[in-house]
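Working notes for the structure below.
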Amino acid sequence: MKGLHQFTRQTRKAHRYLMAIVGIQLFIWAASGTYMVWLNIHSIHGDEWLQSPPVLTGLGPQSYPISELAIAFPKATNIKLKMLGDKPVYLFKQFAQTIMLDATNGEKISPLSSSEIQELLPFVIDKPQSFFDNNIKNINLLTDSVPEEISGRSLPLWQIELKDWDSTTIYIGQNNGEVEYVRHNRWRIFDLFWRLHIMDYSEGEDIGNNLLIFATVLSFIAVLAGFVLLTLRLRLYTVTSRLTSKIIRPNQSISYTSRIQNFIKKTHKWFALIVLIQLLIWMVSGFLLGQVDYDLASGKATATWVHEKPKTFLNTEKLSHTSLLNLLDISELVQVVSLRERDNQWLYQLQYKKGRHSYWPAYFELFNTSTGDAEPLNEQMLVELAWQSIDRDYKVSMAQEVTQQSLDPVLLVPPIDDLPNEYNRVWQVKLADHHNTAIYFNADNGDLIAHVNDTTRWRNLLLMLHFMDYLPHNPKQGAFNNVFIKTMSIFALALSLSGLAWLLSLLWLYLRQDRGSTLLLDSLIASKQLTTANCGGGGTCGRCTFLSSTPPEPNDREKALLSQIELDQGVRLACQHKVNGVSGVSVYVK
């Protein structure tokens, strides 16, 4: 029993001291996590502001044909035909410059002016013109530097600041008329909480930084100590509750302060009982996520993303404007037409539906630019695309394991184990390499989705555990906006708050107590007069009883754990008194 007492006592000390160090960070983790999981991540990204792409209209036999664009801009890439406001436009790149032409007459319309941007806003933002007439605060052109809340990769940008409750700012590309970013106060708070959550206060990107690792290790030990204490407490629960039920009397007055302290303790223990296992899972999974090789997990180590770098020049004779117009007449719901190269031939890609994110439900079709015939992807195309997507150095390293001839595409439909958030059909091409890599392409247009390997799968498992993402969800909900983590985040926040309150109350008691003498409990155990203190001196088991010839006034814990008869006899708890505060001590056995 003495060993159990010492173990419990030391564990309690370790728990309290470690919590004094990491308690604030645990509260920050709980508070920031609660904020982030309760707000829809797509709302944070500003998706609710965006209009769906409009149907492509306004083209006719006299409109500017794509073949003439190819003659005027022979090095054009990423050619798209879409709507800009109420008129069709061609959007493409040449020598890293984004250019936009009026599709009806071929006139260059980029860069867009301030007045053109204001006219465009109701077409790209889901608000009426009257909203912008009354709520635009400032419009600024950003050409050299950008605010910290966005990336500078999309310059030049028009910055539209609104006077709404959320201080929303919209960023639109000057050369493409597309909404690049939507930022508001909820996003800014989210960004702040994210930095606090991963303890990367500068860039907000490094989830494996040394400070986070140090705090996670200390927190894990502290929570593990709490888990041990809770287990010991549960072991004593039956005895303590039976004892308490016999000795509590209505006439025993307990101060208001002590009632609050008792409530905090009970609350903390109940919340710990609910959330403790998940808290350990969060810490372990968070720590392991920081150790993942993200270059390998994201496919950067094995994949080469080809962004429409054509191997052949545009053949204007095969770019039939008539075929394109016929396709648009037949397919009345086309939003965007893109010029794509597949298997050394040029194709029109018709986009009927596409979400804000690539994994949202989408629908595309491919057609021959000359004849207008459908050109669905075949297995030979997929093999070629898969081989092209593999990094050249990685091909060399696995030359004896994998050849192009050994690749075998398979068509899959959601749900897909390797792509839990994907809602579109995909082609899968497996490589028999030592990473067990599988390459995934969109089944409609052949766009590369991901290189998934064992490291990716390990990361996805950790993310599932960390976000409690165990069930299928709506693509517009967000993987970590599920009901499990929302509920558990509230319990974790309550646990951290009650723990902080308890810690502060202990600090207050510590500052008030006489620290110049030994605790009577320790003295009695050292002299082997007492062995029954299973709670380690926490004042919860009521077993370290003694008699005193000059008993001090009973405190609230003694009033709660001892009967009135025992109190009148001079019975007190050794864990509540110092040696120099009592006299005539003898052990009292219940």
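Using +1 on the beta carbon of Lys and Arg, -1 on that of Asp and Glu, and nothing else charged, what's the dipole of the range 92-226 about the Cα centre, debye to 20?
Details: 10 positive and 19 negative charges, 34 e Å.
With Lys and Arg at +1 and Asp and Glu at -1, about 160 debye.
How big is the dipole moment of the chain about its Cα centre under a simple scheme where the beta carbon of each Lys and Arg is +1, that of each Asp and Glu is -1, and everything else is neutral? Debye, nearest 20, please.
Working: 54 positive and 55 negative charges, 934 e Å.
Using only the charged Cβ atoms, the result is roughly 4480 debye.
Express in whole angstrom the spacing between the alpha-carbon centres of the range 94-119 and the range 318-397.
Distance between centres, Cα-based: 25 Å.
Rounded to the nearest 10 degrees, what's the angle between the helix 2-38 long axis and the longest principal axis of the chain, both from Cα atoms, 0 to 90?
Approximately 30 degrees, to the nearest 10.
Relative contact order for the range 344-450 using alpha-carbon pairs under 8 Å, separation at least 6, rounded to a whole percent?
Once divided by the residue count of the range 344-450, the mean separation gives 23 percent.
What order do you get for 143-150, 500-507 when each peptide is scored by the mean count of other beta carbon atoms within 10 Å, highest first? Let's see the in-between values first.
Details: 143-150: 11.8, 500-507: 15.6.
Top to bottom by mean Cβ count within 10 Å: 500-507, 143-150.
Report the relative contact order of the range 29-155, percent, no decimals, based on alpha-carbon pairs under 8 angstrom and at least 6 residues apart.
Values: 124 pairs, mean separation 24.8, N = 127.
Relative contact order here is 19 percent.
Report the chymotrypsin sites (Phe, Trp or Tyr not before Pro) located in the range 48-135 that are in a DSSP loop and have at most 12 other Cβ atoms inside 10 Å of their Cβ, or state none. Spell out each step's value before the answer.
Working: sites: Trp49, Tyr90, Phe92, Phe95, Phe123, Phe131, Phe132; in loops: Phe95.
Here the chymotrypsin sites (Phe, Trp or Tyr not before Pro) that fit, given the DSSP loop and packing criteria, are Phe95.
How large is log10 I(q)/I(0) at q = 0.14, 0.16, 0.24, 0.25 Å⁻¹ when the Debye formula is applied to the Cα atoms of the range 63-152, each weighted equally and without solvent?
With no solvent term, the Cα-only Debye profile gives -0.65, -0.81, -1.22, -1.25.
How compact is the range 96-239 by the rule of thumb for globular proteins, expressed as Cα Rg over 2.2 N^0.38 Å? Let's see the in-between values first.
Working: Rg = 24.4 Å, N = 144, 2.2 N^0.38 = 14.5 Å.
Dividing the Cα radius of gyration by 2.2 N^0.38 Å gives 1.68.
Exactly which trypsin sites (Lys or Arg not before Pro) in the range 105-195 are in a DSSP loop and have at most 14 other Cβ atoms within 10 Å? Walk me through the numbers on the way to the answer.
Working: sites: Lys108, Lys137, Arg153, Lys163, Arg183, Arg186, Arg188, Arg195; in loops: Lys163.
Listed in order of number, the matching sites are Lys163.
With respect to the cross-link table entries Lys87/Lys108; Lys266/Lys559; Lys75/Lys395; Lys300/Lys354; Lys354/Lys486; Lys75/Lys318, which display a Cα-Cα separation exceeding 19 Å? Provide the component values of the computation, followed by the final result.
On the way: Lys87/Lys108 13 Å; Lys266/Lys559 17 Å; Lys75/Lys395 29 Å; Lys300/Lys354 25 Å; Lys354/Lys486 29 Å; Lys75/Lys318 16 Å.
From the list (Lys87/Lys108; Lys266/Lys559; Lys75/Lys395; Lys300/Lys354; Lys354/Lys486; Lys75/Lys318), the Cα-Cα distance tops 19 Å for Lys75/Lys395; Lys300/Lys354; Lys354/Lys486.
Restricting things to alpha carbons, tell me how big the range 22-70 is in terms of Rg and Dmax, in Å.
Both quantities, over Cα of the range 22-70: 23.9, 71 Å.
Considering only protein heavy atoms, what per residue accessible area in square angstrom results for the chain with a 1.4 angstrom probe? Mind dumping the intermediate values first?
On the way: 29640 Å² over 590 residues.
Solvent-accessible surface per residue comes out at 50 Å².
Would any residue of the range 543-570 have its amide N under 17 Å from a label point 7 Å out along Cα→Cβ of Ile260? List them or say none.
Label zone hits: 556-557.
Find the centroid of the Cα atoms in the range 171-193 and in the range 417-496, then give the distance between the two in whole Å.
25
For the range 85-183, with the dipole built from +1 on Lys and Arg beta-carbon atoms and -1 on Asp and Glu ones, taken about the Cα centre, which of Gly173, Ile139, Ser115 lies farthest toward the positive end?
Of Gly173, Ile139, Ser115, it is Gly173.
Suppose a student asked you for the relative contact order of the chain, using Cα pairs under 8 Å spaced at least 6 residues apart; what percent would you report?
On the way: 938 pairs, mean separation 102.8, N = 590.
For the chain, the relative contact order is 17 percent.
Just need the Rg to Rh number for the chain, please, alpha carbons only, Kirkwood Rh. Each step should come with its number before you reach the end.
Working: Rg = 33.8 Å, Rh = 29.4 Å.
Over the Cα atoms of the chain, Rg/Rh equals 1.15.
If r is the Cβ-Cβ distance from Asp133 to Leu333 and R0 is 41 Å, what FRET efficiency results, to the nearest 0.05?
Values: r = 31 Å, r/R0 = 0.76.
After rounding to 0.05, the efficiency reads 0.85.
Using only helices, what value at 222 nm comes out for the chain when you add -39,500 (n - 2.57) per DSSP H run of length 4 or more and divide by the total residues, to the nearest 500 deg cm²/dmol?
Numbers: 17 runs with 248 residues, N = 590.
Roughly -13500 deg cm²/dmol at 222 nm, from the helical runs in the chain.
Let's test the formula: R0 of 30 Å, r as the Cβ-Cβ distance of Lys108 and Asp293. What FRET efficiency results, to the nearest 0.05? Please report the intermediate quantities before stating the final value.
Working: r = 46 Å, r/R0 = 1.52.
Taking R0 as 30 Å, the efficiency between Lys108 and Asp293 is 0.10.
Of the options Tyr352, Val396, Leu377, report the single residue whose Cα projects farthest towards the positive end of the charge dipole of the range 312-431 (beta-carbon charges: Lys, Arg +1; Asp, Glu -1).
Working it through, the farthest residue towards the positive pole turns out to be Tyr352.
Mind checking the angle between helix 379-389 and the chain's longest principal axis? C-alpha axes, 0 to 90 degrees, to the nearest 10.
That works out to roughly 60 degrees.
What distance in nm separates the two pseudo spin-label positions at Asp408 and His357, each 7 Å out from Cα along the beta-carbon direction?
Roughly 3.3 nm, to one decimal.
If you filter the range 260-306 for chymotrypsin sites (Phe, Trp or Tyr not before Pro), then keep DSSP loop positions with at most 14 other Cβ within 10 Å, what is left?
Sites meeting the loop and neighbour criteria: Trp305.
Within the P(r) computed for the range 1-102, what percentage of the Cα pairs occupies the region above 21 Å? Provide the component values of the computation, followed by the final result.
Values: 3442 of 5151 pairs.
Roughly 67 percent, once rounded to a whole number.
The values are calculated or read from the model by the stated rules, or taken from the named source; none is laboratory data. Small disclaimer: the values here were computed from a predicted structure and weren't measured. Note: ideal-geometry Cβ built from the backbone for every residue, glycine included; neighbour counts use all protein chains shown. These area figures cover heavy atoms from the full protein model, side chains too; ligands, DNA and RNA do not enter into them. Shrake-Rupley method; radii C 1.70, N 1.55, O 1.52, S 1.80 Å.
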